[in-house]
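Since the structure comes first, as structure tokens, the remarks are kept for the end.
Where a number appears in this text, it was derived from the coordinates with a stated rule and is not lab data. Predicted model, so just to flag it, every value in this text is computed and none were measured. All Cβ positions, glycine included, derive from the backbone under ideal geometry; neighbour counts span all protein chains shown.
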Amino acid sequence: MREYSEAFKRKLVQRMVLPGGPSAKQLSREVGVAQPTLSRWVREAATLEGVSKRRTRSTPAARPPAQKRPEDRSADEKLHLVLEAGALSEADIGEFLRRRGVHEADLVAWREAALGGLGAAQSTQARSGDARRVRELERELRRKDKALAETAALLVLQKKVRAIWGDGDDDTKPGSDE
């Protein structure tokens, strides 16, 4: 059994755990170290601080400790990620998402939420203008309701006056003194 230096082991483990890094099998063929040995080094390194184990096919639910679930991220982190991703080209987005442990769907949802929040702030200003307009219209409506009530009361009184005094339609001819 051959002894390898800690620096050599660390270098190979780092290559394997990098996003897009070679698998243990590929690296085994490249450097001549047995694949089970490389896999063991990765498992051992995963227990050390600062080294994360890459997700394998046999453990699809395994998540590197540095990655957070989307709901565990703060609003500041989400906004920072959205802004950072916005500055990247389309070609660089995939690598950025892998490096940060973010799904594209989460990034899109966070971007929409940020834009929706900006729209809500603008609509708040618009709503305050709308509220002022509504108050003016309500005041005008109350004034017109009062005027309409006065007119209706005058019409009712006019009807009663005609009923009491008559409608002025008597049998006398205009211009005659009789």
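Does Ser28 satisfy the condition of being over 23 Å from Gly101 (Cβ atoms) and either of a type outside the set (A, V, I, L, M, F, W, C) or in a helix (DSSP H, G or I) (or both)?
yes
I'd like to verify a number: residues in region 81-112 that are surrounded by 14 or more Cβ atoms within 10 Å (Cβ to Cβ) and not hydrophobic (A, V, I, L, M, F, W, C), how many?
So the count comes out to 4.
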